[in-house]
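*Asks:* What follows is a single structure, and I will ask about it in a moment.
The values are calculated or read from the model by the stated rules, or taken from the named source; none is laboratory data. Since this is a predicted model, take the numbers as computed values, not measurements. With ideal geometry, Cβ positions are generated from the backbone for all residues, glycine too; neighbour counts draw on all protein chains shown.
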Amino acid sequence: MKALKNTLIASSLVITSSALTGCGSTAESSADLATNYPGFSEGAKVYSIVNLHPDSPKNRLYAMNYQLPRVLPICSEFIIQDIATKRIELTYKGMDYYYDWDKYTRSAGQSLAENFNLFFSESCDEAKAKVKQLSQLDQDGIKKGKPLVGMSKEGILLAMGRPPIHATPDLEGNSWTYWINKWARNIIEFDENGKVKEIVK
């Protein structure tokens, strides 16, 4: 889990397509997950290392990382209750949440555990430290959970989480695609300095 956390926070901007798509697309058992990702197990306490945007009526979180209006802030504390082949059940402040692994993420070759670990970790210390190092504009965007013109790529990752891998396999590119819901999407365009220059809706 720590290795994947470091991939997002410490070196998220050098993630390559091959590094993320070289993983198996088949479902993993709970035993496999516990073996391959120490600390990722039923009963474990985990923290969000980016803002989360849940589907409030259904209390769902998606591997597709839909940018829905509600924001659960960085460092929100969850307990993993159950790890199934295509869904993780968690509790947050006593409420049940369900993290679903969609067909697009599966077909792109990213396992449920790999995807989950881009958004959650055993500790939030590194994410907190990272936020403090960013500009005030980045911090404003992170607090709002929204992209703002002028934000850095790191700020966008913390504010919005990683864009879906099937649409944005390489974070080195200057065009990142996020889905607002199943029917609408935003494209974040960066300039040559890695700053947001346009948000295409």
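*Asks:* Quick test for you: out of Y62, Y97, pick the one residue that is within 26 Å of E172 (Cβ to Cβ), among the aromatic types (F, W, Y) and surrounded by 19 or more Cβ atoms within 10 Å (Cβ to Cβ).
*Replies:* So the residue among Y62, Y97 that is within 26 Å of E172 (Cβ to Cβ), among the aromatic types (F, W, Y) and surrounded by 19 or more Cβ atoms within 10 Å (Cβ to Cβ) is Y62.
*Asks:* Same structure, new question: Collect the residues in the range 85-103 that are out of contact with any strand residue (DSSP E or B) (no Cβ under 9 Å at 6 or more places or on another chain) and aliphatic (A, V, I, L, M), keeping them in residue-number order.
*Replies:* Passing the criteria: only M95.
*Asks:* If I ask for residues that are aromatic (F, W, Y) and touching a strand residue (DSSP E or B) at 6+ places or on another chain (Cβ under 7 Å), which ones from the range 104-148 would you list?
*Replies:* F116, F119, F120
*Asks:* From S135, S121, which residue is modelled with pLDDT of 95 or more and small (G, A, S)?
*Replies:* Only one candidate passes the filter, namely S135.
*Asks:* Pull out all pairs, ordered by first then second residue, where Cβ-Cβ is under 7 Å, the residues are six or more apart or on different chains, the first lies in the range 59-73 and is outside the structural domain of K143 (by TED's automatic domain parsing) and touching a residue at least 24 places away in the same chain (Cβ under 8 Å), and the second is of a type in the set (G, A, S) and in a loop (DSSP other than H, G, I, E, B).
*Replies:* What qualifies is N65/G161; V71/G145.
*Asks:* Given (1) closer than 24 Å to D55 by Cα; (2) among the β-branched types (V, I, T); (3) in a loop (DSSP other than H, G, I, E, B), identify the lone condition not met by V149.
*Replies:* (1)
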